[in-house]
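The values are calculated or read from the model by the stated rules, or taken from the named source; none is laboratory data. Please read these numbers as outputs of a predicted model, since none were measured by experiment. We place every Cβ from the backbone using ideal geometry, glycine too, and count neighbours over all the protein chains shown. The area values use the complete protein model at the heavy-atom level, side chains included, leaving out ligands, DNA and RNA. Shrake-Rupley method; radii C 1.70, N 1.55, O 1.52, S 1.80 Å.
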Amino acid sequence: MADTGARHTHPILEQDHASRWLGIDVVDLADGHAIITMRLRPDMLNGFGIAHGGMVFALADSAFALACNPIGETDTITVASGADVTFLASAHPGDLLTATANRRASAGRSGLYDISVSAENENGTRAIAEFRGRSRTIPNPQLAKPSSAAVTTTEKSLP
């Protein structure tokens, strides 16, 4: 993948400490679409010295989240209601992983997204995983004001 030097950002990444730890770079963003990359580090490997499946899943999940949540939308958020991943090949330390997310369908508050993950190194680029995410759009919980009853209930349950 040619690097154009252009970088994108998304407001949900401002507080996304997991994506920051993963070293995710946003390459392209549009409503229903995202491309992100991550360099595979030694601390992301499993006991066999290859990419830990959780790291590949996390990269795909982050692309999924970015594709589901258009920039500027604040009244609602779109979250995962489920996801499946199929691992096709292993990735190795130093590989540049790329996750490309695209919306396949949406109906009401539900959506379906496909995310392809590839690994690139000096030997070329190969597919390593396919991720399918199911989404649900919900009211933004950060905009909800807690009721006094909810606060009282919570306070009573504390030791």
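List the residues whose amide H sits under 5 Å from the amide H of ASP95, counting only those 5 or more places along or on another chain, with H placed 1.01 Å from N in the peptide plane.
LEU40
Under the classification rounded if a/c is under 1.5, otherwise prolate if a/b is larger than b/c and oblate if not, where does the stretch 64-138 fall, given a ≥ b ≥ c as square roots of the Cα gyration tensor eigenvalues?
Working: a/c = 3.24, a/b = 2.20, b/c = 1.47.
Because a/c hits 1.5 or more and a/b exceeds b/c, the stretch 64-138 counts as prolate.
Compute the distance in nm between two label points, each set 7 Å from the Cα along the Cα-to-Cβ direction, one at ASN140 and one at ARG39.
If labels sit at ASN140 and ARG39, their model points lie 3.4 nm apart.
In whole angstrom, note down how far apart the Cα centers of the stretch 67-137 and the stretch 30-47 are.
Spelled out, the Cα-based centre of one part sits 10 Å from the other.
Quote the FRET efficiency, to the nearest 0.05, computed for SER81 versus THR125 with a Förster distance R0 of 25 Å and r equal to the Cβ-Cβ distance.
On the way: r = 31 Å, r/R0 = 1.23.
The formula returns an efficiency of 0.20 here.
Round to the nearest 10 and report in Å² the accessible area of PHE131, as given by a 1.4 Å probe over the protein chains' heavy atoms.
For PHE131, solvent-accessible area is about 0 Å².
Can you sort GLU14, GLU122 by solvent-accessible area, 1.4 Å probe, largest first? It would help to have the intermediate numbers written out before the result.
Values: GLU14 125, GLU122 165 Å².
The most accessible residue leads, giving GLU122, GLU14.
What number, rounded to the nearest 500 deg cm²/dmol, is the helix-based mean residue ellipticity at 222 nm of the chain, given -39500 (n - 2.57) per DSSP H run of at least four residues and division by all its residues?
Working: 3 runs with 32 residues, N = 159.
That comes out to -6000 deg cm²/dmol.
Name the residue farthest towards the positive end of the dipole of the chain from the options MET38, ILE71, ILE24, assuming +1 on Cβ of Lys and Arg, -1 on Cβ of Asp and Glu, about the Cα centre.
ILE71
Rank HIS10, HIS52 by accessible area, highest first, at a 1.4 Å probe radius?
Numbers: HIS10 10, HIS52 85 Å².
From most accessible down to least: HIS52, HIS10.
Determine ³J(HN,Hα), in whole Hz, for all residues of the stretch 115-128 in sequence, where each value follows from phi through the Karplus function 6.51 cos²θ - 1.76 cosθ + 1.60 and θ = phi - 60°; x replaces Gly and Pro.
10, 9, 10, 10, 10, 10, 8, 5, 8, x, 10, 9, 6, 10
Rounded to the nearest 10 degrees, what's the angle between the helix 53-68 long axis and the longest principal axis of the chain, both from Cα atoms, 0 to 90?
On a 0 to 90 degree scale, this one is about 60.
From the Cα gyration tensor of the stretch 1-76, with a ≥ b ≥ c the square roots of its eigenvalues, which class applies: rounded if a/c is under 1.5, or else prolate if a/b is larger than b/c, or else oblate?
Numbers: a/c = 2.29, a/b = 1.66, b/c = 1.38.
Prolate, because a/c is 1.5 or more and a/b exceeds b/c.
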